[in-house]
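Comments concern the structure below.
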Amino acid sequence: MQQNTRDSGGWAVYRRLFSYAAGHWPMFVLAGIGMVVYALSEAAFAALMKPLLDGGFVEHDATVIRWVPWAIVAIFMIRGLAGFASGYCLGWIGRQAIKNLRQQLFVHYLNMPTAFYDQSAAGVLLSKITFNIEQIANSTTDVVKTAVQDTLTILALLGLMFYYNPFLTLFMVVIAPVIAGLMRYLSHKFRSYSSRIQNSMGEVTRIADETVDGHRVVKVFNGQQYECDRFEVANEYNRRMNMKLIAARTGSMPVIQLVAASGIAGVVYISISGILSEPIEVGTFVSFLGAILLLMSPLKRLTNINAPLQQGIAAGQSIFEVLDQPVEDCGGDVPLEKARGELEFVEVTFRYPSSQENVLDRLSLTIGAGETLAIVGRSGSGKSTLVSLLPRFYDPDQGSVRLDGCDIREYALSDLRAQISLVSQEVVLFNDTIANNIAYGALGVAGDEQIREAASSAHVLEFAEEMPAGLDTMVGDKGVLLSGGQRQRIAIARALLRNAPVLLLDEATSALDTESERKIQQALDGLMQNRTTLVIAHRLSTVENADRILVLDKGRIVEIGSHRELLAREGHYAALYQMQFHEV
Ligand SMILES: Nc1ncnc2c1ncn2[C@@H]1O[C@H](COP(=O)(O)OP(=O)(O)OP(=O)(O)O)[C@@H](O)[C@H]1O
Ligand SMILES: [Mg+2]
């Protein structure tokens with residue numbers, strides 16, 4: 001029973017894979033014709049043995065001697081052309097399907113909720129889109145070709161054998177179920193190995209990816225040995241799983257061949273022992289034997305097909321598993337052109353799926369349009385989390401977040417996000433020019449002049465102009481060719497250019513020296529004028545001028561008020577301020 005459900009699961013995956021190729025039916029028809037012709041040409045070759053032997057060798061018939069050599073060449077020419085047509089067409093369909101599937105997976109990644117990325121290792125996701133999908137490519141082309149073409153070939157050969165001698169053929173057919181049973185058993189083995197191989201490949205990619213990414217940390221903490229050991233474990237596991245697959249595959253081949261060879265032995269015995277009422281002519285016998293020998297390699301391929309077939313199913317399952325996960329909720333349909341920027345948190349409670357306690361605890365807060373609110377508090381108190389609810393990276397578990405008096409879940413997600421500029425705690429730069437990084441999200445909309453202006457306000461021009469290509473300088477992978485402060489300034493320029501009514505600054509100037517920070521602060525002050533701004537900062541000197549300052553602790557508001565009010569209250573903020581003041 002359990003095997004049945006697994007089987008139908010495999011079929012469902014395969015059917016679904018085929019739906020990606022369904023649109024290309026003219027190619028399928030061509031491939032089909034190719035495969036039928038190929039199968040017939042194999043049978044024709046076996047059939048040729050009879051006239052060759054009976055007519056040519058036994059009776060020395062002149063016409064037979066003349067046409068048989070030509071027929072051999074013609075058969076191989078037709079067989080070659082048919083093989084090419086089927087191989088090319090199926091390859092074409094397969095690659096087309098793979099391309100579509102890969103594109104679909106990529107688009108799905110783009111639309112997955114943030115929580116999905118929190119739970120998945122980047123390496124595993126990358127491995128799915130590269131390695132696992134390639135496995136499907138093998139499966140959809142080679143497998144189909146072998147399964148259809150070789151099955152047709154086997155049928156054609158069996159047909160020929162039946163035509164020449166039904167009794168002998170029936171004998172051959174009896175052993176077919178034995179082979180089929182063997183194949184069924186092996187297919188389950190193959191599938192479980194394949195999915196383990198794919199998972200282990202994701203693990204290999206993940207560790208390699210982390211090491212490449214964090215090579216500086218690895219170096220300075222002398223983590224080479226640790227990474228090496230970790231990699232060795234994953235690598236060894238991958239090898240072991242592959243070996244099991246190889247053992248199962250190579251081991252299954254001789255077993256099946258042995259069964260088939262016993263069949264041949266039986267045929268030979270029946271033919272020469274005289275059991276049959278009618279004696280068998282030598283031509284018929286050789287044709288028959290030729291057909292059996294020709295049966296061997298398609299049969300062998302059909303057995304081997306299980307490995308790539310199960311690989312394809314395992315890969316398909318791993319891809320569909322992601323594709324079946326729901327994408328981000330794209331919001332409601334309340335129109336939102338340009339928000340005023342009035343924000344409200346109503347009794348917001350939130351926790352990450354993995355966290356034990358609430359990260360935000362029944363937090364209520366109103367921020368007027370155009371107001372600047374600073375958020376301070378201990379590391380881990382929930383500041384970044386609070387801010388990440390606004391662009392709906394996460395949705396609150398209870399309560400609601402409102403923009404202009406309306407729950408943000410009622411706006412279309414893209415409209416909502418268009419109202420928000422964000423400089424996040426970790427700057428993300430793409431491997432492109434400085435200018436394109438600034439214009440990210442506004443490419444083609446923002447003119448050169450605007451980009452320059454933003455670059456100038458965020459003091460990007462200051463360092464960019466000293467570089468050989470100016471704003472067209474490449475920043476390197478993730479911006480490695482720039483300093484931390486330079487990267488931060490590009491991120492600020494990007495937010496400036498976005499010109500959205502809500503501005504979120506999460507430690508946006510933490511990597512800057514005091515002088516640059518002061519200069520950029522001026523630019524930001526100008527920018528904050530008509531927008532609702534949430535500023536998170538550890539350095540209190542940067543938040544003094546905010547309209548209000550909120551002190552957050554364990555997801556609750558402990559104090560809120562202007563700099564002066566809070567100092568006068570002599571509470572948490574005053575204590576923090578005194579501490580930093582003394583440090584300076
Ligand atoms: N993606 C996540 N998944 C699970 N837990 C998380 C995630 N991000 C943050 N947390 C947890 O939520 C809590 C609040 O994190 P948050 O990033 O909001 O703190 P923060 O106030 O911004 O701290 P910092 O000042 O260090 O940036 C922390 O305890 C953290 O461990
Ligand atoms: Mg933070």
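Can you give me the distance in nm between label points at Ala469 and Gln103, each placed 7 Å from the Cα along the Cα-to-Cβ direction?
Here the modelled spin labels are 2.9 nm apart.
Amide H to amide H, which residues 5 or more places from Ile536 or on other chains are under 5 Å from it, using H placed in the peptide plane?
Here Ile375, Leu505, Asp506, Glu507, Ala508 satisfy the definition.
Taking the Cα atoms only, what angle lies between the long axis of helix 282-304 and the longest principal axis of the chain, rounded to 10 degrees?
10 degrees
So what is the relative contact order of the chain, in percent, for Cα pairs below 8 Å that sit 6 or more residues apart?
Values: 826 pairs, mean separation 83.6, N = 584.
Relative contact order, the chain: 14 percent.
Magnitude of the Cβ-charge dipole of region 343-583, K/R +1 and D/E -1, about the Cα centre, nearest 20 debye?
Details: 23 positive and 34 negative charges, 79 e Å.
Roughly 380 debye for region 343-583.
Based on the inverse mean of 1/r over its pairs of different Cα atoms, what is the Kirkwood hydrodynamic radius of region 263-379, in Å? Walk me through the numbers before you get to the answer.
Working: mean 1/r = 0.0426 Å⁻¹.
About 23.4 Å, per the Kirkwood formula over Cα pairs.
Can you give the longest run of the chain that contains no chymotrypsin sites (Phe, Trp or Tyr not before Pro) sitting in a DSSP loop with at most 15 other Cβ atoms inside 10 Å?
Excluding the exposed sites themselves, the longest stretch runs over 1-220.
Can you give me the long-range amide H partners of Asn499? Hydrogens built in the peptide plane at 1.01 Å from N, cutoff under 5 Å, separation of 5 or more residues or another chain.
Amide H neighbours of Asn499: none.
Helix 25-50 against the longest principal axis of the chain: what's the angle in degrees, Cα atoms only, rounded to the nearest 10?
Taking the Cα atoms of the chain, the angle to 25-50 is about 30 degrees.
Can you list residues whose amide H is under 5 Å from Ser562's amide H, if they're 5+ apart or on another chain and H is modeled 1.01 Å from N?
Amide H neighbours of Ser562, under 5 Å, 5+ apart: Ile549.
To the nearest 20 debye, what is the magnitude of the charge dipole of region 147-268 about its Cα centre, counting +1 on the Cβ of each Lys and Arg and -1 on the Cβ of each Asp and Glu?
Values: 12 positive and 9 negative charges, 51 e Å.
The dipole of region 147-268 has a size of about 240 debye.
Defining a contact as two alpha carbons under 8 Å apart and six or more residues distant in sequence, what relative contact order in percent does region 2-323 show? Write out the running numbers ahead of the final one.
Numbers: 327 pairs, mean separation 102.4, N = 322.
Result for region 2-323 is 32 percent.
HN-Hα J couplings of region 350-363 from phi, Karplus 6.51/-1.76/1.60, θ = phi - 60°, integer Hz, Gly and Pro as x?
Karplus values, whole Hz, x for Gly and Pro: 8, 9, 6, x, 8, 8, 7, 10, 5, 7, 10, 10, 6, 8.
Under the definition of Cα pairs under 8 Å and six or more residues apart, what whole-number percent is the relative contact order of region 343-583?
Numbers: 428 pairs, mean separation 64.4, N = 241.
Across region 343-583, relative contact order equals 27 percent.
Can you work out ³J(HN,Hα) from phi for every residue in region 569-582, in order, using Karplus 6.51 cos²θ - 1.76 cosθ + 1.60 and θ = phi - 60°, giving whole Hz and x for Gly and Pro?
Here the 3J(HN,Hα) series is 6, 6, x, 4, 4, 4, 5, 4, 5, 4, 4, 5, 4, 5 Hz.
Can you work out ³J(HN,Hα) from phi for every residue in region 492-504, in order, using Karplus 6.51 cos²θ - 1.76 cosθ + 1.60 and θ = phi - 60°, giving whole Hz and x for Gly and Pro?
Result, ordered by residue: 5, 4, 4, 5, 4, 5, 5, 6, 9, x, 10, 10, 10 Hz.
Could you tell me whether region 202-339 comes out rounded, prolate or oblate from its Cα gyration tensor? Rule is a ≥ b ≥ c as square roots of the eigenvalues, rounded for a/c under 1.5, then prolate if a/b exceeds b/c, otherwise oblate.
Values: a/c = 5.96, a/b = 2.11, b/c = 2.83.
Verdict is oblate for region 202-339.
Straight-line reach only, C-alpha to C-alpha below 25 angstrom: list the lysines that Lys145 could link to, leaving out same-chain residues fewer than 8 apart.
Here the lysines satisfying the reach criterion relative to Lys145 are Lys99, Lys128, Lys189, Lys300.
Give, in whole angstrom and from largest to smallest, the semi-axes √(5λ) of the equivalent ellipsoid of the chain, with λ running over the eigenvalues of the Cα gyration tensor.
Working: eigenvalues 1029, 120, 94 Å².
Output for the chain: semi-axes of 72, 24, 22 Å.
Among Pro396, Leu276, Gly223, whose Cα sits farthest toward the positive end of the charge dipole of the chain (+1 at Cβ of Lys/Arg, -1 at Cβ of Asp/Glu, about the Cα centre)?
Leu276
Only Lys, Arg, Asp and Glu count, each charged at its Cβ (+1, +1, -1, -1), so figure out the dipole size of the chain about its Cα centre, rounded to 20 debye.
So the dipole magnitude of the chain works out to roughly 1960 debye.
Please give the helix 514-528 orientation as an angle from the longest Cα principal axis of the chain, in degrees from 0 to 90, rounded to the nearest 10.
90 degrees
Of Val37, Val480, Ser355, which is farthest on the positive side of the dipole of the chain, counting Cα position, with +1 on Lys and Arg Cβ, -1 on Asp and Glu Cβ, and the Cα centre as origin?
So the residue we want is Val37.
Which residue, Leu101, Leu17, Tyr117, has the largest displacement toward the positive end of the dipole of region 2-323 when charges sit on each Cβ (Lys, Arg +1; Asp, Glu -1)?
In region 2-323, that residue is Tyr117.
Indicate, rounded to the nearest 5 percent, the antiparallel portion of the DSSP beta bridges found entirely in the chain.
On the way: 19 of 38 bridges.
If I count the DSSP bridges inside the chain, around 50 percent turn out antiparallel.
As a check on your grasp of the helix formula, calculate [θ] at 222 nm for the chain: sum -39500 (n - 2.57) over DSSP H runs of n ≥ 4, divide by the residue count, round to the nearest 500.
Values: 21 runs with 350 residues, N = 584.
So the calculated ellipticity at 222 nm is -20000 deg cm²/dmol.
Divide the volume of the convex hull of the Cα atoms of region 2-323 by its number of residues and quote the answer in cubic angstrom per residue.
On the way: hull volume 52.7 nm³, N = 322.
Roughly 164 Å³ of hull volume per residue.
Read-outs: derived from the displayed coordinates by stated rules, not from any lab. Everything numeric here is computed off the predicted structure, so don't read it as measured data. Positions of Cβ are backbone-derived with ideal geometry, glycine not excepted, and every protein chain shown enters the neighbour counts.
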